[in-house]
Amino acid sequence: MEEQAQHVFRRADVEGKGFLVKKDLQRFQNEVSLTADQLSAVFESLDTCASGFLTLDQFLAGVSNFGNGSILGNNEDYIANNYQTDNDQIVRNIINLSMLSRSGSLLQKLNTLIQDSVTEEIDKPWRNFIQELGIDMQRLKEQTEELERVLAARDRRHEEEIQKLFDELETQLSEEKEKMSLEIDTRDKSLRLEMREKLDAKDRLISDVLAQRDEALGSLYNLQVHDNNVKLENINLQKLKVEYQKEIKQQQEIILRLQGELENTKAEQEMKCKSCFHQGFLLAQKLAVAEENGLLQQLAMIKEMQSILKNNYSRKKVEFVDVSGT
């Protein structure tokens, strides 16, 4: 019961004020079969302090009172309608009405004092006074009991309305709970399916990434091997380059030496050629001088000289070409 009351209080206090006013309970008008006036009456019955608002403790206390029975308690029995003439009995009847709290004992003392000094002038008015007072108190007692009965009936009606409100709210909460549970189950299944699809997609993605990684590692390994081979080849090429540079240097030295020798050879051949031409010229001069030997003899000699010079020059030229090619 207390949990239901707390739930109703929280649903009514939508602003989170910490207390309820009459219009907060009237919000349930469309949810329960109670009118706004009936809900206002429920609020008033719970607001025992007539403060115009209800805290959670006051609300729970009011609901607890409704659950434990009548707030006003049980009625007292009526006193007898047959009033006695004895003053003491009349006073006792008035006190037995339980309508006088602090003044009851004073009324008894006043009655005792009056009886001790009783006179007819005092006794009769006093008797009339206490009789009328007894009648008024009896009427007040009856009115009070009637008011208590009305309030008790109102409390019972309010209790029934509150219980009906709680039953309807409980039914509504049960329906909402079942609906929410069904929605949660549906949502949970949907989320599980969605999560499973996402996990499968992630697994496929991870597999693809791992395959790509393995492929990349293989490519990287091949590149490393190729790089190492290239480095080794570069080292070998560098060694070959050094060796070739040495050989080229040696060849260049040999060529320079051969060129020097060739130049020397050319110079020697030129000297020899000049010497040969000089000798031929001298010989021709001698032949010219010896014209008396006859023109034919001179011509034969000149031809022989030319043949000798030509053969000698061809031989030297062949040697010079062989040396240059080497």
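The values are calculated or read from the model by the stated rules, or taken from the named source; none is laboratory data. Only a predicted model underlies this, so the values are computations on that prediction, with no experimental measurement involved. Counting neighbours? That spans all protein chains shown, and the Cβs are built from the backbone with ideal geometry, glycine included.
Among the listed residues I235, I162, which satisfies the condition of being closer than 30 Å to Q4 by Cα, among the aliphatic types (A, V, I, L, M) and assigned to a helix (DSSP H, G or I)?
Going through I235, I162 in turn, the sole match is I162.
Tell me which residues, restricted to region 256-280, are surrounded by 11 or more Cβ atoms within 10 Å (Cβ to Cβ) and not charged (D, E, K, R).
L258, Q259, L262, T265, Q269, C273, C276, F277, Q279, G280
For a quick check of your reading of the model, give me the residue pairs whose first member lies in region 254-270 and is more than 21 Å from N312 (Cβ to Cβ), whose second is not in a helix (DSSP H, G or I), with beta-carbon atoms closer than 8 Å and at least 6 apart or on different chains.
Close Cβ pairs (under 8 Å, with a partner that is not in a helix (DSSP H, G or I)) amount to L258/T326.
N128: modelled with pLDDT of 75 or more, on the phi < 0 side of the Ramachandran plot, polar (S, T, N, Q) and assigned by the TED database to the domain that holds L151, yes or no?
Taking the combined requirement at face value, the residue satisfies it.
For region 14-29, what are the residues that are more than 13 Å from T55 (Cβ to Cβ) and of a type outside the set (K, R)?
Correct list: V14, E15, G16, L25, Q26, F28, Q29.
Would you confirm whether or not region 32-48 contains a residue that is over 23 Å from H7 (Cβ atoms), part of a loop (DSSP other than H, G, I, E, B) and at pLDDT below 80?
Within region 32-48, not a single residue is over 23 Å from H7 (Cβ atoms), part of a loop (DSSP other than H, G, I, E, B) and at pLDDT below 80.
Of K179, K164, which residue is free of Cβ contacts under 8 Å to residues at least 12 places away in the same chain and basic (K, R)?
Exactly one of K179, K164 is free of Cβ contacts under 8 Å to residues at least 12 places away in the same chain and basic (K, R), namely K179.
Hey, any hits in region 176-192 for a residue that's more than 30 Å from V8 (Cβ to Cβ), surrounded by 10 or more Cβ atoms within 10 Å (Cβ to Cβ), modelled with pLDDT under 90 and not charged (D, E, K, R)?
yes
Could you identify the single residue in A288, A267, A300 that is small (G, A, S), modelled with pLDDT under 70 and assigned to a helix (DSSP H, G or I)?
The conditions single out A288.
Across region 141-162, what is the total count of residues that are surrounded by 15 or more Cβ atoms within 10 Å (Cβ to Cβ) and either over 30 Å from I94 (Cα atoms) or assigned by the TED database to the domain that holds T35 (or both)?
4
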